């Protein structure tokens, strides 16, 4: 298998070499690099992060950009914002704050099927706004499986069904089944299987949907921010944490509600009494509720470390929102940004995340009993408590590959500018000016939504956004009008298990078939694309003035001879 990938790797480069010999111009060379990286990203013949490093080698060797200018793209302000956001997420995960929040909300919501699904979707979406979609799904699915297994086991006890095995945390539960006397066995099993499928899909889908709500929620959002700052440096910080949240959060809520309605209809129906709890609680509900309550008790009381992490997290969000709220001067404008954009969201993220390495995990100095084997029994030593975060924890959990992927995308954007590829693409796509803008946005959203099913959302946005920006400027269309919906559509990978890690995690439990995901995901893809385009043409237009061509987008870059 590895030999096959090596052959693919070599042949791909050779097949595209004629481009360089026929078109001995810089934008053709840059186009070769983009095509080569696109093939490598789609086939994953070498790791994605390694592919992202190709501009460091090829751009200087082809005379497109100097090595120093290429390398600096791998640590931009957007990358610093990403790193700061990840440090906060790691701190939240390290102290199990996310699990406490999830269980607390689920205890409030209850265990009736429809309410339980809405509770899991709401909690998963909220957590994925701040921590990675993968980590959120990996935490929420075992909780969902445990609750569903308890519901099934309690109901089965009335029909002489015996619940067996505890299993590992991320494993399915096994049931020894005897044929019940009342309701047919197949009917009861079918109900449980449908409920399990619906709950599994609701968790992985809501993780992807929730990540679109904040600028740091998922990588494509940050890629858009970085590409805007790179391609349109005079955009006036049009995309920041507050403006993105104002646009994307209402869209996320709408998508979440529509997704819940579709999954509820597809897997559980709309029985008001059974689904929504319009009746007396049965034994199964009470015991399933007890499972969640027991899990919450295991966490113990809220520790000083959890409180400190939550405080820093809340302060970070408040500072992000008030830095440049848009409707009034923010604190950064008043204190630092009078003569330019000195303090950005990345500055705030790094500053607040550094506090995790300074604030102790316990409020006071504490004592520990020395080892009795050393002959000092009864004596105590004073020891300073560790900080909320230690670098060993960060080093283990930080997804360094994504940081390189972001940098590779920014390097490609710079190379497209320097070589004149952006201008050439814009001129080539000029005939699109005759098509109505809403049709262009809808068609491009469909294209990106389809492409992201077989490629990572990071690679998809990295490849498409510079091209979309060039096309928009060539036809005098606000670049955000097409870049905003396509960025969010890159996160709508609902149809295949391999499309995104949350889908793969849900599929690994063995409850789902590929066709289950295809049937549910296709409708959700259509819902998402239509919802996003509606948002762009309504409150998105009001926020970003998308119907007008802005002055900051009126930039031209010459073509290198």
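The values are calculated or read from the model by the stated rules, or taken from the named source; none is laboratory data. Computed from a prediction, not measured in an experiment: that's the story for all the values here. Don't worry about glycine lacking a Cβ; one is built from the backbone with ideal geometry, like all the others, and counts go over all protein chains shown.
If you take the residues in the stretch 316-325 that are farther than 12 Å from residue 130 by Cβ and within 22 Å of the chain's Cα centre (by Cα), which one is surrounded by the fewest Cβ atoms within 10 Å (Cβ to Cβ)? Steps first, please.
Going through the stretch 316-325, the residues farther than 12 Å from residue 130 by Cβ turn out to be 318-319, 321-325.
Pick out the ones that are also within 22 Å of the chain's Cα centre (by Cα) and you get 318-319, 321.
On the way: 318: 10, 319: 20, 321: 15.
Only one residue fits best here, namely 318.
For the stretch 337-351: of the residues being in a helix (DSSP H, G or I) and over 21 Å from the mean Cα position of the chain (by Cα), which is modelled with the lowest pLDDT? It would help to see each step written out before you state the result.
As a first pass, look at the stretch 337-351 and keep what is in a helix (DSSP H, G or I): 345-351.
Now restrict to residues that are over 21 Å from the mean Cα position of the chain (by Cα): 347, 351.
Working: 347: 89, 351: 92.
Among them, the one singled out is 347.
Which of the residues spanning the stretch 62-108 are farther than 22 Å from residue 347 by Cα and without any contact (Cβ under 8 Å) to a residue 12 or more places away in the chain?
Across the stretch 62-108, the qualifying residues are 66, 67, 68, 108.
From the residues in the stretch 31-68 that are closer than 22 Å to residue 458 by Cα and more than 29 Å from the chain's Cα centre (by Cα), which one is modelled with the lowest pLDDT? Show your work before the answer.
First, pick out the residues of the stretch 31-68 that are closer than 22 Å to residue 458 by Cα: 31-59.
Remaining after also requiring more than 29 Å from the chain's Cα centre (by Cα): 32, 57-59.
Numbers: 32: 84, 57: 90, 58: 88, 59: 88.
The extreme case among them is 32.
Going by the conditions given, is residue 426 modelled with pLDDT under 75, loosely packed, with under 12 Cβ neighbours inside 10 Å and out of contact with any strand residue (DSSP E or B) (no Cβ under 7 Å at 6 or more places or on another chain)?
On the way: modelled with pLDDT under 75: yes; loosely packed, with under 12 Cβ neighbours inside 10 Å: no; out of contact with any strand residue (DSSP E or B) (no Cβ under 7 Å at 6 or more places or on another chain): yes.
When the stated conditions are applied, residue 426 does not pass them.
Check residue 438 against each of (1) in a loop (DSSP other than H, G, I, E, B); (2) touching a residue at least 60 places away in the same chain (Cβ under 8 Å); (3) surrounded by fewer than 24 Cβ atoms within 10 Å (Cβ to Cβ) and name the one condition it does not meet.
(1)
Output the residues belonging to the stretch 280-294 that are surrounded by fewer than 12 Cβ atoms within 10 Å (Cβ to Cβ) and at pLDDT 75 or above.
294
From the list 9, 75, exactly one residue is modelled with pLDDT of 80 or more and farther than 17 Å from residue 422 by Cα. Which is it?
Numbers: 9 fails: modelled with pLDDT of 80 or more.
Residue meeting the stated conditions: 75.
For the stretch 208-255, give me the residue count where each residue is over 24 Å from residue 87 (Cβ atoms) and in a loop (DSSP other than H, G, I, E, B).
Residues meeting the conditions: 6.
Looking at residue 182, is it in contact with a strand residue (DSSP E or B) (Cβ under 6 Å, 6 or more places away or on another chain), farther than 30 Å from residue 344 by Cβ and at pLDDT below 65?
Values: in contact with a strand residue (DSSP E or B) (Cβ under 6 Å, 6 or more places away or on another chain): no; farther than 30 Å from residue 344 by Cβ: yes; at pLDDT below 65: yes.
Against the criterion (in contact with a strand residue (DSSP E or B) (Cβ under 6 Å, 6 or more places away or on another chain), farther than 30 Å from residue 344 by Cβ and at pLDDT below 65), residue 182 does not qualify.
For the stretch 83-104, indicate whether the set of residues that are more than 30 Å from residue 415 (Cα to Cα) and part of a loop (DSSP other than H, G, I, E, B) is non-empty.
yes
Got at least one residue in the stretch 478-496 being modelled with pLDDT under 85 and not assigned by TED's automatic domain parsing to the domain that holds residue 202?
In the first step, residues of the stretch 478-496 are kept if they are modelled with pLDDT under 85; the result is 496.
Subset that is not assigned by TED's automatic domain parsing to the domain that holds residue 202: 496.
Looking for residues that are modelled with pLDDT under 85 and not assigned by TED's automatic domain parsing to the domain that holds residue 202, one finds at least one in the stretch 478-496, hence yes.
Could you check residue 89 against (1) more than 17 Å from residue 311 (Cβ to Cβ); (2) crowded, with 20+ Cβ neighbours inside 10 Å and say which number it fails?
For residue 89, the exception is condition (1).
Quick one: residue 499 ticks every box in (1) under 26 Å from residue 232 (Cα atoms); (2) part of a loop (DSSP other than H, G, I, E, B); (3) without any contact (Cβ under 8 Å) to a residue 60 or more places away in the chain bar one, so which box is it?
Of the numbered conditions (1) under 26 Å from residue 232 (Cα atoms); (2) part of a loop (DSSP other than H, G, I, E, B); (3) without any contact (Cβ under 8 Å) to a residue 60 or more places away in the chain, the odd one out for residue 499 is (1).
List the number of the failed condition for residue 481; all other conditions in (1) surrounded by 19 or more Cβ atoms within 10 Å (Cβ to Cβ); (2) part of a loop (DSSP other than H, G, I, E, B) hold.
Just one mismatch for residue 481, condition (2).
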